[in-house]
């Protein structure tokens, strides 16, 4: 049968295409193709002749066939025509049969192809969904593992943070304990140092007082010795006089009278000299020379005595420097001198020094006789603060002034108020700081990067205030009023 023939407009499938379509159908219904039993190769086919089946033997050995070639050719020709006619009929029947069979097979094949394509598409979709589901599961699993890992990591970090916090708190407690211990040690050392300084100061003061006392005792001893010597001389003179009187006997009364006359005349001469100096006010070399040997006190007080020409020189100095005319004002100036000289002697300061006033004021800051009130007040404030009282409340209650001051650094503060501010920590209270104008206690507080301090201040008694106060209380006896 010829391939790819069209019958009534329908394409006829080739045997190969039919075979493929049949195989698709058999695969779909799950059956195997049944093969026809093979015929032996040497089996001779039955020949049809005019519709009659027969077995014709055309052997090479048959001589009859050789002799009758023409009749044989004719037989073959007729036979071929018969076969051709039979073949055309059979082909038509097969074409009709194949036409129906091929259409059905084509439809089945197309349907099966579509089903197979659909099945394949569904399978692909299922595989795709499966892969997506597996991917989602993998992703979910990874997310869970990641979440678990993050949770474990957070837990680990939390444990580490907790451990670190505990260690930090432990270190802080140890540091705080150590700081407190160091603070106590520092306070103890500061207390010891302060006690040592006070001891040295007391020792120095005691040595000074002892030296002063020794000088006074030596002076008294010398005076006593001179007095004793004078007494001895007087006693010796008295004995000589008695001996002389005994010898003279009858001249005793006359000598006594002469002695009394000499004494009275001497007193009268002294009084006349004093009156002349006070009333006439002579100022020459002779009168000054006499005054050097015959002292004439014109101002007498518990703080000392001023002789006449010292008074005159000082009065001239006062008149030249101040507009003072009344004797009361002049006496007041002399009262200042009395008090000032007593301080110079008390503090053993050389009066010729340039910074005399500064040295006197510095010594006054530590003198309990002069600044007793201020020293006791600042000491009381320090004692209350050390006992745990509030710095601000105590300062406002007992201090003369409570203020704040800022320094750029510690060195600047130390330069302004001294070494007791060195190393002062935040919230720490300093010792008593003695400054030019009084007494301070400082407390450091935090303010940016500055060295910030709040302080309580007690004013000290100044030299002028002390001189005025003591001069008003000083009583002076004057010969020139």
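Every number here is computed from the coordinates shown, using simple stated rules; none is lab data. The model shown is predicted, which means the values in this text are computed figures rather than measured ones.
State the percent of C-alpha pairs, over all pairs in segment 359-428, separated by a distance greater than 13 angstrom.
More than 13 Å apart: 74 percent of the Cα pairs in segment 359-428.
Over the Cα atoms of segment 407-451, what Rg and Dmax result, in angstrom?
Radius of gyration, then largest Cα-Cα span, for segment 407-451: 10.2, 29 Å.
Plugging the Kirkwood radius over Cα pairs into Stokes-Einstein for segment 397-481, at a temperature of 25 °C and a viscosity of 0.890 mPa s, what D comes out in µm²/s?
This corresponds to a translational diffusion coefficient of 162 µm²/s.
If I take every Cα pair under 8 Å that is 6 or more residues apart in segment 437-481, average their sequence separation and divide by the length, what percent do I get for the relative contact order?
Here the relative contact order equals 33 percent.
Counting pairs of alpha carbon atoms under 8 Å apart in space and at least six apart in sequence, what relative contact order in percent does segment 372-460 give?
33 percent
Dimensions of segment 323-481 along principal axes (Cα, Å, largest first)?
67, 32, 29
Rg and Dmax in Å for segment 114-184, alpha carbons only: what are they?
Gyration radius and largest Cα-Cα distance of segment 114-184: 29.2, 99 Å.
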